[in-house]
Every structure is written in C-alpha cells, then in structure tokens.
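To start, the structure itself, in structure tokens.
The values are calculated or read from the model by the stated rules, or taken from the named source; none is laboratory data. In this text the structure is predicted, and so the values were computed from the model without any measurement. So basically every Cβ, Gly included, is an ideal-geometry build from the backbone, and we count neighbours across all protein chains shown.
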Amino acid sequence: MELQKFQYDNKTVKLFAYATMFWSIVGMLAGLLAAIQLYLPEANFNIPFTTFGRVRPVHTNAIIFAFVGNGIFMGVYYSLQRLLKARMFSDFLSKIHFWGWQLIIVLAAITLVLGYTTGKEYAELEWPIDILITIVWVVFGWNMFGTIIRRRERHLYVAIWFYIGTFITVAMLHIVNSIEIPVTFWKSYSWYAGVQDALVQWWYGHNAVAFFLTTPYLGLMYYFLPKMAQRPVYSYRLSIIHFWALIFLYIWAGPHHLLYTSTPDWAQSLGVVFSVMLIAPSWGGMINGLLTLRGAWDRVRDNVALKFMVVAITAYGMATFEGPLLSLKAVNKISHFTDWTIAHVHVGALGWNGFLTFGVLYWLIPRLFQTKLYSEKMANQHFWIATLGIVLYAVPIYWAGFMQSSMWKDFTEEGQLKYQFMDTVTYLKPFYIARSIGGLLYLTGAIMMIVNLIKTIKIGNFHEVETDSAPALAKEYKAHATDHWHRWIERKPIQMLIVSLIVVAIGGIIEFVPAFLVKSNIPTIQSVKPYTPLELHGRDIYVREGCYTCHTQMVRPFRDEVARYGEYSKAGEFVYDHPFQWGSKRTGPDLARVGGKYPDSWHFNHMYEPSSMAPGSIMPRYPWLIEDQLNATNTIAKIKAMKRLGVPYPDGYENNALKDMEKQANKIAASLKKDGIETLPDREIVALIAYLQRIGKDIKANNSKSQANK
Amino acid sequence: MKFINYLESITGIGIYPLIGLVIFVLFFTAVSIYLIKGSKYHFDEVSRIPLDLKENVENANNKIID
C-alpha cells in the first residue's frame, strides 16, 4: 500500500509545554502563600486581593486547570498524533484551543482575586467564563475527533480511550454543575440549593479529581511510560478492564465527600460502596504501570524521567488506597474537615500529577529540541528535592489532621469538651510551618527544572517539521470472521464516545434523579424563611471573601459537634441556600449555629481584628468590610433571581426590598452604637453581620416556640 | 419538629440501583469474556502501537535516548 507522508504539529505541543511550566510556578507560589498565611495571618497583607479566601481558589484553580490542564493538552497533542499517525485535525482549532485556554486562565486569575466567585469549590469561575470553558472544551474535542477520523491506524490505543472518556465526562460535569442564574455580568446564583447543590457539587468535585486529574493522566501514563521504557505495557487486557471499571465506578463516588452531613443516607452509602470498589481498577492500573518496567528496572537508575514516572505511579497507588479508606464512615468521621484531606490530595497532586508532568517534560523537551537534557545531575537533584518536599509536606499535616480531630472529640471525665477550638488551632501552627517548608522545597525543585529545560531549549534546535509516513486506512474495513463486539468499539471513536457517556451517565442519573425528587418530598421546616435582602447581601459577601474555604456550615450528628456548636444540621435548613456553603475544611470553627451566639459588636471587632476577640486566631483581618459601602444597586435583581429559583418571596417584594434593607441595617447600626461603635448603616460589615446573625437561627426559633407551647 | 427520612416515601426508588447493577454486571461479564477469549496476537500487536520501531532504531543511532 502506498505510504502517505505527513508532518506532526510540534508547535502546539511546545506551546502547551511552555504554558505547563509557567503556570506550575504561578500555582505553586499561590499555594505557598496560602500555606504561609495559615500561621502568619499578616501575610494576607490586609488587602482583599491577597486574602486567604481568594488566594486558595486561585491556587486550586491554577494547579488543576492551568498546570495540570496544560499538562494534559501537551501530552494529548503529542501522543494522539503519533498513536494515530496523523497531524492534528486543524492548526486553526489548535491555536484557538491553546490561546482560548490561556485566556480562561488569565480571566480566572483576575476574577478570583477580585472576589468574583460562585462559591462552589473547583467550580468557582463565574458564568461568562463557564461559557468560555464550554466553547474551548468543544474546540478541543472537535480537534481530537477530527484527528481520530483522519487517522492512519485502525485501532484506537488505550490511551485514546482515556482521552475520549475524559472529554465527554468533563463536558457533562462542567455543564451540569455550572447551571446558574446570572444576576449581573459577574454574579450568579447556583440553580440548585442546599442538599441538591451539595450532591451536584461533590459529584462534580470528586469527578474533577477523577476525570481531570486522573483519567487523562492515565492516558499519558499508558503512552509515555512504554515509550520511555521502550517496552509495551505489561498487560493490554488489564488496561481495558482498568478503563471501563474506572470510569464506571468513579462517577458514583462523589457523596463520600458528604458523609454524616444532611444528605440522604442512601446517597452516602452509595458513595461509600463505590469508593471502596474503586480500589480494584485503580490498583490494577498502578500495577499495570509498575509491571511495565519488569526486567527494565536498571533503566530507572539512569533515566531521570523514568524515576519521576515510578514515583508518580506509586503516589497514584498510595492516594487510591487512601481514598477508599477515607470513604469509610469510621475513618471519615476523623479525617473529614481536617488537614488529613489536604495531605491526601497533595499526595495525588504533588506525587501523581506533578511527578508525571515533570517526567514527561524531561523526556519531551529534549526530543522536541533534538538535543540532550542540559543537566542530568540537576534533574536528579530536582527529583530528590521534590520527593523530600512531598514527604515534608504530607507527614506533618497527616499528623496535624489526626491530632486536631482527636482533640475536637476529646471530653473530660466530667463530660465537658476538653479543648477549646482555639487550642487545636494553636497546636497546629508548627505543623503548618513544616508543611510550608515542604512546599517550598517542591517549588524549588520545579524552578530548577525550568532552568534546566530553558538551558536545554537554548542549546537545542526546535524540531518544527517532523515528518512521518504511514499507509492510509483502507476505506472498507473487512472484519475478521471471528471479530468481536468490543473490537467494534475499539476502532470506532464515536461508539467509544457514546458507550463512555452511557457508562458515566448511569452513575450520575442514579445519584440525581432521586435527589431531585427529594425536593418535592422535603417538608420545608416551617420556621425556615428566605433571607432578608440585607442578609442576602451579607451572604454574597461571605461567598465573595471565600469564608467557606476555612469555615464549615454543617454540624454533624456527633456528640462533640453538638456539644461545641449546637443542634446538628437538618436538610430542610438549606432550602434557600443558592449555593450551599457547607465547606470542606474546618480551619476555623463551624458557623452553622453562629447566629445569635455573639453580639453584633463582637462580629464588628472580630472582622476588624480577629485576634482582639479570639487571641491566637489565625484569621486574617477584613478592614475593608468596615470601610466599603455596600453595593445595593443590584438588590432588586438579586431578589428577582432568587424568586426565579423558587425562593418564596411575596409577590412584588423586590419593590419593598430596599426599604426593608434600610430598616434592618439601621437596627444593626443602632445596636453597634449601643456598644460604642459608630458606623454608617450602608457599610458592607453591616450586611455581613446581618447574615452571620441569621445563620442557623430559624430552627432555634422553632425550638423555643415549641418549648413555650409546652 | 418531626424529622423523618423523606426518601423512603419515593415509591419504586429501589429500581434505579437495580438497573445500574444489572448494566454493570452484564457489561463487565461481556468485557471479561472478550478479554479471556480475545486473541493474544491482537493484544500484543496493539500494545506495541506507541513503540515506533523505526524511531527506536533512529534514536539508537544518534543516541538521543539516554
């Protein structure tokens, strides 16, 4: 058959590689700053843009979508062309994909720093950016499928299955979780409320880990590891099982982020069962990766890229062993809301994603530039510094998480809580310091890598025109007599896409359909009323400042939590919460029952200088809330949006909203004045106090009423 | 305030996980049969797709691979 000559597009791969390197540093710097702020609140610099609540989303988004995102595209664009023996479908689409993705990242960084956020973890970006993400993601898919259709290799190698599964599932997750009602150009409310919002959000959140941080990287593993080791993957059969089992099981596991919360018990159990089962495909994949090196371990000794790959795959194994463990209710009640979870994700992020990306970069850059790596020695130093960095990062906060939880749960013999919340915070500080040193080491290693790669690029010669040749695919495919149905999927990308979608949609549908039926079945707790306009503004400030990054609003039904915070949280309390603000980390105390706990003046002073009210506090100062005037211009739009979401404000209430708001604000200003604090009623702090004083109080009113009736 | 488990009141809720389980079992039985009965030659062949032999020879000659 006639050989066709074609050229690979190396330029786009190069651009994505540069972007990966650049954003890795940005993301890690944001992470380091956030880590330092946990023991040095002054590092928040007393300005809104650099406060923890905004820096933390910048860090998570930069690492997930900028660093790992560009890493995915770098690897996909390189491997896809070679696995299919075809140039990328369209240079134009590649260009739009690359620059579109960078634009999204820049917009994300700017808007998050400015406080434009939806308040849903890892999906913080506001609706215009969500739409942009959808468009660019479709461009990526279009480019990928175009390439697949023009391929010269009949069989789709397993790495491509992972890419296809990633594409379709991320599209589904992103669209479903991002359904929101715009209020203004940079403000929207989640379509879902309370329990439903939580279920959708963690279905998304968990699968962002699964289908953004895991499946595409497994695809990269299945391509680059055999390439580096120069031997085929240990078992291709196992990789097929790995793929189907992993995507089928992963999609169900989300509710394990909500154990012991007000979500339905069946959903929690479903999450636990599937999380436990996940260990099988995950370890199957890890073993498949490590055994690929059987008989070739000597190559690991003097190939630094392979070293990174081995640690990456091992970290994948550790994280996927720990994941099911943390999903068990007995373990989760200790680990959840503590730094244990942070340690767990960083074994995955630093070990699996970070090291695999580094390995691929060390292998790829010399090839793209037709030269040898500038310094093997430096790369080896990077390997050891980064490994040490991971250990120094993870071990202290594993310990911190476990100890903090134990201290929370400790009672004296008399039956009193043994420790104040603040005692546990003070205890953690040294561990936070150690953790940030680990992070600093890891960052140092990454900088060394970039220096090394820049020097490599300087001595090299970019391989812009890389030619290859392969026979065209025969138009008519003659199936073997004994051909099997799965082979039909293997050579047909669209079938693969559809079957993948069915497999991942099942879990989503089964988790949601009942959860959405719940809505009509939730007997609304009568005393739970919609937020007043002022409280709504206050809540939006709470979301804007990212308070949920450190404070939970979920009292779990444990003895210690009920003793510390009050009545445990009920599903019916959150029906007007668009979005829900349960949080996932309790760096500060839970706020689900904070309403009415302290006088207004306490909150005023606490926001101005937290340590004046709570000595030893690591909460940053929020002086701007006291100075800034509340933007009340969109009050009517906000009430209208809430009404469209089904919040039962009376008809025409939006016209009275401003009047009501003024009344409530004046009342709070008067109460502050009584305690000697002069403030204008139109300041942001007044709205925030209104919200804080409201949280969790509706159900208390109910209790006192029913007691009075007795 | 009474707090009841609302979800018990959705009739026929049990069918969803059951459908899921049936699809899961059927699909994975089918994949397993395919993997057990599939030809070893096919799997060996496709697992070599990433390893472009020509490239390896070239690389061995100019020693790009370390």
Q | Search result, residues across the stretch A:277-297 that are closer than 17 Å to A:Trp244 by Cβ and small (Gly, Ala, Ser) | A | A:Ala280, A:Ser282, A:Gly284, A:Gly285
Q) When the residues of the stretch A:268-301 are filtered to those that are within 13 Å of chain B (Cβ to nearest Cβ) and under 21 Å from the mean Cα position of the chain (by Cα), which remaining residue is surrounded by the most Cβ atoms within 10 Å (Cβ to Cβ)? A) A:Gly271
Q.
Checking the conditions here, which among A:Ile677, A:Ile618, A:Ile668 is of a type outside the set (Ser, Thr, Tyr) and more than 26 Å from A:Gly566 (Cα to Cα)?
A. A:Ile677
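For (1) among the charged types (D, E, K, R); (2) outside the structural domain of A:Thr12 (by TED's automatic domain parsing); (3) part of a helix (DSSP H, G or I), each residue gets a yes or a no:
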residue: A:Phe49; (1), (2), (3): no, no, yes
residue: A:Phe67; (1), (2), (3): no, no, yes
residue: A:Val76; (1), (2), (3): no, no, yes
residue: A:Arg87; (1), (2), (3): yes, no, no
residue: A:Leu93; (1), (2), (3): no, no, yes
residue: A:Ile96; (1), (2), (3): no, no, yes
residue: A:Ile104; (1), (2), (3): no, no, yes
residue: A:Glu121; (1), (2), (3): yes, no, no
residue: A:Leu125; (1), (2), (3): no, no, no
Q. Across the stretch A:679-704, which residue is modelled with the lowest pLDDT among those that are under 17 Å from A:Glu573 (Cα atoms) and either away from chain B (no Cβ under 12 Å) or more than 38 Å from the chain's Cα centre (by Cα) (or both)?
A. A:Ser704
Q. Any chance the stretch A:22-45 includes a residue that's closer than 30 Å to B:Leu51 by Cβ and either modelled with pLDDT of 95 or more or out of contact with any Ser or Thr (no Cβ under 6 Å at 6 or more places or on another chain) (or both)?
A. yes
Q: Might you let me know whether the stretch A:215-227 holds any residue that is out of contact with any Gly (no Cβ under 6 Å at 6 or more places or on another chain) and polar (S, T, N, Q)?
A: no
Q | Given (1) modelled with pLDDT of 95 or more; (2) under 30 Å from A:Gly646 (Cβ atoms), number of the condition A:Leu107 does not satisfy | A | (2)
Q. Taking into account only those residues within the stretch B:25-41 that are within 8 Å of chain A (Cβ to nearest Cβ) and of a type outside the set (Gly, Ala, Ser), which is nearest to A:Met277 (Cα to Cα)?
A. B:Phe28
Q: Could you please tell me which pairs satisfy a Cβ distance under 8 Å, a separation of 6+ or placement on different chains, a first residue in the stretch A:559-570 that is within 14 Å of chain B (Cβ to nearest Cβ), and a second residue that is outside any loop (DSSP other than H, G, I, E, B)?
A: A:Glu567/A:Ile699; A:Glu567/A:Lys700; A:Glu567/A:Asn703; A:Tyr568/A:Glu561; A:Tyr568/A:Val562; A:Lys570/A:Ile699
(Q) Residues that are under 27 Å from A:Ile168 (Cα atoms), at pLDDT below 75 and under 33 Å from the mean Cα position of the chain (by Cα): does the stretch A:488-498 have at least one? (A) yes
Q: Among residues belonging to the stretch A:247-258 that are in a helix (DSSP H, G or I) and within 12 Å of chain B (Cβ to nearest Cβ), point out the one that is surrounded by the most Cβ atoms within 10 Å (Cβ to Cβ).
A: A:Ile247
Q.
Between A:Met607, A:Met661, A:Met619, A:Met613, which is touching a Cys at 6+ places or on another chain (Cβ under 9 Å) and aliphatic (A, V, I, L, M)?
A. A:Met619
Q. Across the stretch A:367-379, which residue is farthest from the other protein chains (Cβ to nearest Cβ) among those that are assigned to a helix (DSSP H, G or I) and farther than 13 Å from A:Asn303 by Cα?
A. A:Leu368
**Q.** Filtered residue count, the stretch A:34-68, keeping only those that are surrounded by 20 or more Cβ atoms within 10 Å (Cβ to Cβ) and without any contact (Cβ under 8 Å) to a residue 60 or more places away in the chain
**A.** 6
Q: Could you tell me which residue of the stretch B:34-54 is modelled with the lowest pLDDT, considering only residues that are aliphatic (A, V, I, L, M) and loosely packed, with under 13 Cβ neighbours inside 10 Å?
A: B:Leu53
Q.
Can you say whether A:His59 is touching a helix residue (DSSP H, G or I) at 6+ places or on another chain (Cβ under 9 Å), part of a helix (DSSP H, G or I), closer than 20 Å to A:Arg586 by Cα and not assigned by TED's automatic domain parsing to the domain that holds A:Pro182, as far as the supplied structure shows?
A. yes
Q: Determine whether the stretch A:139-161 contains at least one residue that is touching a residue at least 12 places away in the same chain (Cβ under 8 Å), farther than 16 Å from A:Pro493 by Cβ and among the hydroxyl-bearing types (Ser, Thr, Tyr).
A: no
Q. Just to be sure, is A:Leu225 under 20 Å from A:Trp363 (Cα atoms), within 14 Å of another protein chain (Cβ to nearest Cβ) and either over 14 Å from the mean Cα position of the chain (by Cα) or surrounded by fewer than 24 Cβ atoms within 10 Å (Cβ to Cβ) (or both)?
A. yes
Q: Evaluate the following for B:Val57: is it outside any loop (DSSP other than H, G, I, E, B) and either modelled with pLDDT of 70 or more or within 8 Å of chain A (Cβ to nearest Cβ) (or both)?
A: no
Q.
So A:Asn461 passes all but one of these: (1) at pLDDT 75 or above; (2) not in a loop (DSSP other than H, G, I, E, B). Which condition number does it fail?
A. (2)
